[in-house]
């Protein structure tokens, strides 16, 4: 079973598609959750997800906007998609009947 | 990463380089790029990188190798270096005071005085070389045992050297030579300089060079030299004129000395093992670059 933060990262990566990399995922996480996301939490969780086989990361091309530094590109694996889907459905099922889920 | 600007921006860039240097090359590249792209405030950027570095180091210390390195190298070698560096710094101060603060050309006029001066210069120089060799092999061994934790283990070795025994071994020299140690320079500054130049710098250099040294024969030579210097320091090897012994390690004195022999030869033994390992065809990983 995924953790909440792991699920949020998988969702952000899925939403960004081919543009999913560290800074972009962090921006989406902060926009959607309304909370600040620390670099340490993001990168250590990316490592954990990769170790579980839920994502695959590669170094992308350097860009001038990043001072010529490469991006850590993130791509969901089939297992990652399955796990995120299962987590989503579990949350939906668990929320049925709850006051905040009726609206 | 953050170029240009005033002293504060330069300080931030320097700090970021140091901190990011502890990360693996690929991760450093991505992290520095992310920070550049986000253009956060300097403080926030530093806080972010510090957070990541702390998490990474904490994860590394969950393994047993860093603890083995700490218990077998940092504590015993640090305490031995601490005791002997203060002892030899005190001895060097006595002769520095004698020859530098009270210099007369008479030291060069008679053959006996010249010979005495040469004996002291070579003896103190060999003591300094021995101290640097011990610190170098200590740093090198820490890097070999646990490469990625050297950012904490080597500073810890230096911390134990500075704080482990304080100036315990300097006090005996100070009480016997009050005129020398009345000077703040010889009492406080000289031991700090001695430890900085002959322990901190060689230990760091040894750790850095462990990432690039690939020759088993080179390590073996260093280990043999270290063993010879250690034997000389303990008064077991003396070649008159060539290897004079000045301030040998007392055989039965304060407790820190009892640790010294085994503790200081341990890293040299590790070098021999590493050299043998490489001689049979193994190559160590390059380790993180900074």
| query | If we scan the stretch B:17-24, do we find a residue that is on the phi < 0 side of the Ramachandran plot, touching a strand residue (DSSP E or B) at 6+ places or on another chain (Cβ under 7 Å) and at pLDDT below 90? | reply | no
| Of the residues that sit in the stretch A:49-59 and are surrounded by 16 or more Cβ atoms within 10 Å (Cβ to Cβ) and not in a helix (DSSP H, G or I), which one is nearest to the other protein chains (Cβ to nearest Cβ)? | A:59
| Residue, nearest to residue B:24 (Cα to Cα), within the stretch A:60-87, restricted to residues that are free of Cβ contacts under 8 Å to residues at least 40 places away in the same chain and part of a strand (DSSP E or B) | A:69
| field | Test: residue in the stretch B:93-101 that is in contact (Cβ under 8 Å) with a residue 24 or more places away in the chain, buried (at least 22 other Cβ atoms within 10 Å of the Cβ) and away from chain A (no Cβ under 14 Å) | value | yes
| request: Among the numbered conditions (1) surrounded by fewer than 19 Cβ atoms within 10 Å (Cβ to Cβ); (2) more than 12 Å from chain A (Cβ to nearest Cβ), tell me where residue B:74 comes up short. | output: (1)
| task | Kindly indicate whether residue A:46 is in contact with a strand residue (DSSP E or B) (Cβ under 7 Å, 6 or more places away or on another chain) and within 14 Å of chain B (Cβ to nearest Cβ). | result | yes
| remark: Among (1) crowded, with 19+ Cβ neighbours inside 10 Å; (2) within 30 Å of residue B:194 (Cβ to Cβ); (3) within 14 Å of chain A (Cβ to nearest Cβ), residue B:17 falls short only on (1)
| said: So, residue A:27, is that one within 14 Å of chain B (Cβ to nearest Cβ), outside any strand (DSSP E or B) and either in contact (Cβ under 8 Å) with a residue 24 or more places away in the chain or out of contact with any strand residue (DSSP E or B) (no Cβ under 6 Å at 6 or more places or on another chain) (or both) or not? | reply: yes
| query | Is there a residue in the stretch A:88-100 that is part of a helix (DSSP H, G or I), more than 14 Å from every other protein chain (Cβ to nearest Cβ) and either modelled with pLDDT under 90 or closer than 16 Å to residue B:28 by Cβ (or both)? | reply | yes
| message | When the residues of the stretch B:33-43 are narrowed to those that are in a helix (DSSP H, G or I) and at the interface with chain A (Cβ under 10 Å from one of its Cβ atoms), which ends up modelled with the lowest pLDDT? | response | B:38
| request: From the list A:69, A:15, A:35, pick out the single residue that is away from every other protein chain (no Cβ under 14 Å) and under 19 Å from residue B:49 (Cα atoms). | output: A:35
| field | Yes/no for residue B:129 being assigned to a helix (DSSP H, G or I) and at pLDDT 90 or above | value | yes
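Matching residues to (1) part of a helix (DSSP H, G or I); (2) touching a strand residue (DSSP E or B) at 6+ places or on another chain (Cβ under 8 Å); (3) more than 30 Å from residue A:40 (Cβ to Cβ); (4) at pLDDT below 90:
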position	(1), (2), (3), (4)
B:45	yes, no, no, yes
B:48	yes, no, no, no
B:59	yes, no, no, yes
B:103	no, no, yes, yes
B:115	yes, no, yes, yes
| Can you tell which of B:223, B:173 is modelled with pLDDT of 80 or more and touching a helix residue (DSSP H, G or I) at 6+ places or on another chain (Cβ under 6 Å)? | B:223
| note | Here the residues within the stretch B:1-32 that are touching a residue at least 12 places away in the same chain (Cβ under 8 Å) and not in a helix (DSSP H, G or I) are B:1, B:2, B:21, B:22, B:23, B:24
| field | Residue that is touching a helix residue (DSSP H, G or I) at 6+ places or on another chain (Cβ under 8 Å), at the interface with chain A (Cβ under 10 Å from one of its Cβ atoms) and either more than 30 Å from residue A:63 (Cβ to Cβ) or crowded, with 21+ Cβ neighbours inside 10 Å (or both), where the choices are B:30, B:69 | value | B:30
| said: I'm trying to understand the selection: among the residues of the stretch A:36-51, which are touching a helix residue (DSSP H, G or I) at 6+ places or on another chain (Cβ under 8 Å) and free of Cβ contacts under 8 Å to residues at least 40 places away in the same chain? | reply: A:36, A:37, A:38, A:39, A:40, A:41, A:42, A:43, A:44, A:46
| request: Restricting attention to the stretch A:17-38, report how many residues are surrounded by 12 or more Cβ atoms within 10 Å (Cβ to Cβ) and within 13 Å of the chain's Cα centre (by Cα). | output: 15
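The values are calculated or read from the model by the stated rules, or taken from the named source; none is laboratory data. Because the structure is a prediction, the values reported are computed rather than measured. Here Cβ is always computed from backbone atoms with ideal geometry, including for glycine, and neighbour counts include all displayed protein chains.
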